[in-house]
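The values are calculated or read from the model by the stated rules, or taken from the named source; none is laboratory data. Note that the coordinates shown come from a computational prediction; the quantities given were computed from them, not determined experimentally. Positions of Cβ are backbone-derived with ideal geometry, glycine not excepted, and every protein chain shown enters the neighbour counts.
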Amino acid sequence: MQSAFEKDGFFVIRGALTEAEVDRLANPICRAFAAGEYDSHNPEKAYPEPGIYSMGPKILGEHPEIASVSLAHPTIVRAIEELFGEPAVLAQYWSIMRPPGAGVDEAGFVPGSGAHFDYKPWRCVGSFVKWMFAVIPFVDYTEDVGPLCVSPGSYHRTTVLDSDGRVHPVDAAQVPPAADVELVDPSLKKGDVVLMHGFCWHEARPNYGTTDRAGLYMKFHAQSSPPACGPWIYPSAVAEALPDEYRHLVPHHRADGQCASVRGEPVGGIDEAQLVIEDADGRILLLGDESTGYTLPGCTAAEDSGAGILDTGNVMGSVMAGAKSATGLDLPWLSWLLDVPGQLGGDSRCRVYGHRLLESAPALTAGDVTYRWLTGAEIESATAAGHVAGGDEVRRWIGMWQNQVDEEGCAVTRSFGVP
Ligand SMILES: [Fe+2]
């Protein structure tokens, strides 16, 4: 498996699930599609009309039992963690339903025209550098209903570059014109699971058949490779249903229904944000002064109003606007550090991001804002004097950012996130 995956960027585990296991997974999901309980449901053009319909992780709140035949299936998790060489974290849990006629148009489909890969620095479910898909087809992906084609070796064309000390740039491949993309049909059957490198080019073909083509498209990232936009928030019911050895797969969850979904409007489960903004010399921006006390810049967070399900949870647009009005600074990118409890109580959540500027201690232009650019030693003594709100936490976050480690102190590969 390891050598085939490294060469081709994908590997099919034949018969990873029994037919009965696939049915246990597919039945509640397909029933939900039939009931219109999927994301961005539009009654004017709804399943089963020809189209492409999708459903995020909300189904796991209603049916946590399907975790054991999908995200926590022993065969799948063992293979992924073996390929990563470290623990995995579930990023995306997304079902796609393509009824007959999906993707079919009068002009005719040109093979290769839909080839793409899913490294997306603007998505919670695409902004990591060490990750893979695990796709579970609910039916045989025949020539008729539409294969999921993959491009062998294509993932080698995208390169993760060395860190600048905080974040890793990605030299992302440009997928060539349709005629120049080599695609193969891995002939996925019900019960098979295809593991696909995150940078692997792939293409779903139209459904020319007479039956539904549906499947589950999961993404996992290595624990050492967090999403730059921050994680999707899952229903707590699924995290609680997992046996101990699989709990690490779903670390980010809420019990109050605020999980990644678009039911009417986008929901991401992120209420506010704080920012570790560093200058070119390693000083950190703190608002306030010794008399009023210091805080990190922060603001309330909001989803992008136009977000589809895969765009939920990325609140960077609102955070950048909040930072601009509070400080006058333009922050072209951010990278997620961690989530902490929010000020609203309950399950509310505050997302903490880092950013490093190219300049040294720029003067802030926003109104009459009081601020300081403080060194680590200055923050330490201000914290000791009780002048920094949550000073010990703030110092911990700065350490995570500057030392490129996670909350446990383990090394991580952060990357760039954008709205
Ligand atoms: Fe894709």
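Observations, loosely collected:
- Selected residue [under 26 Å from Ala361 (Cβ atoms), surrounded by fewer than 17 Cβ atoms within 10 Å (Cβ to Cβ), among the hydroxyl-bearing types (Ser, Thr, Tyr) and not assigned by TED's automatic domain parsing to the domain that holds Ser151] from Ser305, Ser291: Ser291
Table: residues versus (1) within 21 Å of the chain's Cα centre (by Cα); (2) in the same structural domain as Ile29 (by TED's automatic domain parsing); (3) more than 23 Å from Gly313 (Cβ to Cβ).
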position	(1), (2), (3)
Tyr53	yes, yes, no
Lys58	yes, yes, no
Ser70	yes, yes, no
Thr75	no, yes, yes
Ala79	yes, yes, yes
Leu83	yes, yes, yes
Pro87	yes, yes, no
Tyr93	yes, yes, no
Ala102	no, yes, yes
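- Checking Arg356 against (1) in the same structural domain as Asn314 (by TED's automatic domain parsing); (2) over 20 Å from the mean Cα position of the chain (by Cα); (3) more than 18 Å from Cys229 (Cβ to Cβ), the condition it does not meet: (3)
- Cβ-Cβ under 6 Å pairs, at least 6 apart or on other chains, the stretch 101-120 side closer than 12 Å to Ala204 by Cβ, far side of a type in the set (D, E, K, R) and within 15 Å of the ligand (Cβ to nearest atom): Gly114/Glu203; Ala115/Glu203
- Residues of the stretch 114-141 that are in a loop (DSSP other than H, G, I, E, B) and either away from the ligand (no atom under 14 Å from the Cβ) or more than 25 Å from the chain's Cα centre (by Cα) (or both): Pro121, Trp122, Cys124, Ser127, Phe128, Val129, Lys130, Phe138, Val139, Asp140, Tyr141.
- Residues of the stretch 142-151 that are at negative phi and within 16 Å of the ligand (Cβ to nearest atom): Pro147, Leu148, Cys149, Val150, Ser151.
- Residue match in the stretch 91-100 (condition: assigned to a loop (DSSP other than H, G, I, E, B) and either touching a residue at least 12 places away in the same chain (Cβ under 8 Å) or more than 16 Å from the ligand (Cβ to nearest atom) (or both)): yes
- Tally, over the stretch 184-196, of residues that are at positive phi and within 10 Å of the ligand (Cβ to nearest atom): 0
- Count of the stretch 37-61 residues, restricted to those that are assigned to a helix (DSSP H, G or I) and either free of Cβ contacts under 8 Å to residues at least 60 places away in the same chain or aliphatic (A, V, I, L, M) (or both), is 2.
- Exclusive hit being under 30 Å from Gln404 (Cα atoms), within 16 Å of the ligand (Cβ to nearest atom), part of a loop (DSSP other than H, G, I, E, B) and in contact (Cβ under 8 Å) with a residue 12 or more places away in the chain, set Phe220, Phe199: Phe199
- Out of Val352, Val319, sole residue that is at pLDDT 95 or above, in a strand (DSSP E or B) and either β-branched (Val, Ile, Thr) or in contact with a Gly (Cβ under 8 Å, 6 or more places away or on another chain) (or both): Val352
- Residue selection: Ala307 fails the criterion of being touching a residue at least 40 places away in the same chain (Cβ under 8 Å), small (Gly, Ala, Ser) and over 28 Å from Ile96 (Cβ atoms).
- When we screen Asp330, Asp339 for residues that are surrounded by fewer than 13 Cβ atoms within 10 Å (Cβ to Cβ), charged (D, E, K, R) and not assigned by TED's automatic domain parsing to the domain that holds Leu161, the only hit is Asp330.
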